[in-house]
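Rule-based calculations on the coordinates, nothing more; no lab input. Computed from a predicted structure; not experimentally measured. Note that we place each Cβ from the backbone using ideal geometry, even for glycine, and neighbour counts take in every protein chain shown.
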Amino acid sequence: MTQSSVTSTPSRTRALLIINPKSRQGAEADLNDGLRRLRQAGMDVETLVSHSAEESCEAVQSRKSDLDLVIVGGGDGTLSSMIKTLLTCDLPLAILPLGTANDLARSLGIPEALELAFKIIADNEHTRIDLGEVNGHYFFNAANMGLGAHVTEELTSEVKKHWGVFSYVRALAAAIMRHDQFHVRMTLDGKHYRLHSMHLAVGNGRFYGGGNVIDEKARIDDGKLSLFSMRPLRTWELLTLAPLLRNGQQGRDRRIFCARATEIEISAGKRRLEIHADGEPVTCTPATFRVLPKALTVVATAMDAHNHSHEHTTTSPLTAALGHIEQGVRTI
């Protein structure tokens, strides 16, 4: 975040803390010290353990006139499900990163260590960030179609149980066996393109899929969407792309088309390609993507999110699978 975009909020703050017990740390996180810190910083905090997105949204809507801040403890899916309600109620968002990926927190420079995350909330500095929108569905991080979406679909709890550490490889193999390639027509801020693709992603934030960088120039407050599309590749060719996908250097490889825009229209002809946004299936092509600049107020410090790209080691199912195979090849 740039220093000029940050302001401080004085006086006592009325806050609702929503915890998703199904998130990776939600059921076991010790929040007592952090809550004590918030109260010492001048916050009155009500805590709600929520078991559904509907319950969380209803809780905020019913209390909106008595709230100054909504704190969400969960992962990216939990946060994404709250966007519409936060916009409607015009309430700022603070984050306790209790999920698996925590990409929004990463884009904002919020550490996974709860002590440090609580400190940021206690400081209560506000800034505004962009949102992505696809066919009326909001997202923080990224939306994708093709191979990445198929890997996520194949990575079921049953596959994880039976394949363990090799589950990502198993899911990638199953996704590749679909031989899914598609032709798309795209319009990016008035410029027209035709592409042959196997994987296409559109990012709003800097990070997606558990720490992968969507574009090395991307920020969550830059007013732009970042797009990349991989042309159909053989499995061994995919391996060579894993480091580029992790570091946001897709544009350095001619097999990947990259662009940045404020509005993107994508059509796959008669095909209806399923689109996942922030890890959840939300819509299909034809699709219109838009960036909503400075649409939501969040609690974050002035630290540069670029400096936090290596704080977490989780990766997306697609990149994790490529990484496992790449490591195996190196040992042969």
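Taking the Cα atoms of region 228-285, report the difference between the largest and smallest coordinate on each principal axis, in whole Å and largest first.
That works out to 31, 27, 23 Å along the principal axes.
Once label points are set 7 Å from the Cα along Cα→Cβ at both L116 and T262, what is their separation, rounded to one decimal in nm?
3.5 nm
Can you give the FRET efficiency to the nearest 0.05 for F166 and D123, using r as the Cβ-Cβ distance and R₀ = 45 Å?
FRET efficiency, F166 to D123: 0.55.
Given R₀ = 30 Å, FRET efficiency for S157-N135 by Cβ-Cβ distance, to 0.05? Numbers along the way, then the final one.
On the way: r = 28 Å, r/R0 = 0.94.
Efficiency for this residue pair is about 0.60.
Remind me, what semi-axes does region 97-143 give for its equivalent ellipsoid, largest first in whole Å, using sqrt of 5 times each Cα gyration tensor eigenvalue? Numbers along the way, then the final one.
Working: eigenvalues 110, 37, 10 Å².
Listed largest to smallest, the semi-axes of region 97-143 are 23, 14, 7 Å.
Report the extension gain between R178 and D30 in nm, rounded to one decimal, defined as 0.36 nm multiplied by the number of residues separating them, less their alpha carbon distance.
Values: separation 148, 0.36 × 148 = 53.28 nm, distance 4.36 nm.
Extending this stretch completely gives an extra 48.9 nm.
Over every pair of different alpha-carbon atoms in region 45-133, take the mean of 1/r and invert it; report that Kirkwood radius in Å. Don't skip to the end; give the middle numbers.
Details: mean 1/r = 0.0741 Å⁻¹.
Here the Kirkwood hydrodynamic radius works out to 13.5 Å.
When all alpha-carbon pairs of region 86-190 are counted, what percent fall beyond 16 Å?
Details: 3976 of 5460 pairs.
Distances greater than 16 Å cover 73 percent of the Cα pairs.
Compute the length gained on full extension between S11 and H192: take 0.36 nm times their separation in residues and subtract their Cα-Cα distance, giving the result in nm to one decimal.
Working: separation 181, 0.36 × 181 = 65.16 nm, distance 5.12 nm.
Here the answer is 60.0 nm.
How long are the three semi-axes of the equivalent ellipsoid of region 167-222, in whole Å, if each is the root of 5 times an eigenvalue of the C-alpha gyration tensor, listed from largest down?
Working: eigenvalues 124, 86, 7 Å².
Working through the eigenvalues yields semi-axes of 25, 21, 6 Å.
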